[in-house]
Amino acid sequence: MISISEQKKKALSQLKGKWTNPVIMTLLFIAITIAASSALSGMTFLITAVLTKILSIIIKDTNAVVIIMQSINSILSAAINLLIIPLSLGFTSYFLMFSKSQKPDIINLFDGYKNSFGNSILAGFLIGLYTFLWSLLVIIPGIIKAYGYSMTLFIMAEEPDISATEAIKRSEAMM
């Protein structure tokens, strides 16, 4: 097994003279994630405001309107998070290619949308669901399982044809 210090030396040697593209890729990933989250959150706010007005006219019970709107807001927030997962898969794919001394391009950031959109969203949904359910037992099992699922996107980036459930199982076995 390779020690951490050996892994650091290998990573630094691979980055020597090639820092620009990985830094640009990371900044681009962060910018897109923030912009997408902000735009989708703004749309969620507008939808929530409009629906609140409509529902308050139809339903006279204020508590019912609040519960309905909280549910809709939760669903929209989850959808926002799920739409960012394919971008994370592309980001992972880029750096996996870089670590193998291949020549990744900025377009690889969008591989998750192009190659395995549905599968990456399913993986993200299942990881979130499983982690939540394990966390109900007490927080520690949820943390342990989240750690166990942490390699799922790397496995999916390395094997794009793998199913979400199989990638999760392999990640657990690996971790």
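Assess whether Leu122 counts as being crowded, with 18+ Cβ neighbours inside 10 Å and either touching a residue at least 60 places away in the same chain (Cβ under 8 Å) or under 30 Å from Leu15 (Cα atoms) (or both). Steps first, answer last, please.
On the way: crowded, with 18+ Cβ neighbours inside 10 Å: yes; either touching a residue at least 60 places away in the same chain (Cβ under 8 Å) or under 30 Å from Leu15 (Cα atoms) (or both): no.
It is false that Leu122 is crowded, with 18+ Cβ neighbours inside 10 Å and either touching a residue at least 60 places away in the same chain (Cβ under 8 Å) or under 30 Å from Leu15 (Cα atoms) (or both).
Could you give me the residue pairs with C-beta distances under 6 Å whose first residue belongs to region 77-99 and is modelled with pLDDT of 90 or more, whose second residue is part of a helix (DSSP H, G or I) and open to solvent by 50 Å² or more (accessible area, probe 1.4 Å) wherever it lies, and which are 6+ apart or on separate chains?
Within 6 Å, the pairs are Pro86/Tyr113; Pro86/Phe117; Gly90/Phe110; Thr92/Phe154.
So that you can scan it fast, the table gives a plain yes or no per residue for (1) open to solvent by less than 50 Å² (accessible area, probe 1.4 Å); (2) touching an Asp or Glu at 6+ places or on another chain (Cβ under 8 Å); (3) not in a helix (DSSP H, G or I):
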| site | (1), (2), (3) |
| --- | --- |
| Ser88 | yes, no, no |
| Leu96 | yes, yes, no |
| Lys103 | no, no, yes |
| Trp134 | no, no, no |
| Leu137 | no, no, yes |
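Give me the residue from region 140-153 that is touching a helix residue (DSSP H, G or I) at 6+ places or on another chain (Cβ under 6 Å) and open to solvent by 40 Å² or more (accessible area, probe 1.4 Å) and, out of that set, nearest to Thr92 (Cα to Cα). Before the answer, list the steps.
Within region 140-153, the first condition is being touching a helix residue (DSSP H, G or I) at 6+ places or on another chain (Cβ under 6 Å), and the residues that meet it are 141-142, 145-146, 148-149, 151-153.
Pick out the ones that are also open to solvent by 40 Å² or more (accessible area, probe 1.4 Å) and you get 145-146, 151, 153.
Numbers: Lys145: 20, Ala146: 17, Met151: 10, Leu153: 7 Å.
Of everything passing the filter in region 140-153, Leu153 is nearest to Thr92 (Cα to Cα).
Restricting the search to region 151-175, which residues are assigned to a helix (DSSP H, G or I) and acidic (Asp, Glu)?
Step one: list which residues in region 151-175 are assigned to a helix (DSSP H, G or I), which gives 152-158, 164-174.
Of everything in region 151-175, those that are assigned to a helix (DSSP H, G or I) and acidic (Asp, Glu) turn out to be Glu158, Glu166, Glu172.
Is at least one residue of region 66-76 surrounded by 15 or more Cβ atoms within 10 Å (Cβ to Cβ), modelled with pLDDT of 90 or more and either in contact with a His (Cβ under 6 Å, 6 or more places away or on another chain) or part of a helix (DSSP H, G or I) (or both)?
Scanning region 66-76, I find no residue that is surrounded by 15 or more Cβ atoms within 10 Å (Cβ to Cβ), modelled with pLDDT of 90 or more and either in contact with a His (Cβ under 6 Å, 6 or more places away or on another chain) or part of a helix (DSSP H, G or I) (or both), so the answer is no.
The values are calculated or read from the model by the stated rules, or taken from the named source; none is laboratory data. On a predicted model such as this, the values are computed, not experimentally measured, just so you know. Glycine gets a Cβ as well: all are built from the backbone with ideal geometry, and neighbour counts include every protein chain shown. Side chains included, ligands, DNA and RNA excluded: accessible areas come from the protein's heavy atoms. Shrake-Rupley method; radii C 1.70, N 1.55, O 1.52, S 1.80 Å.
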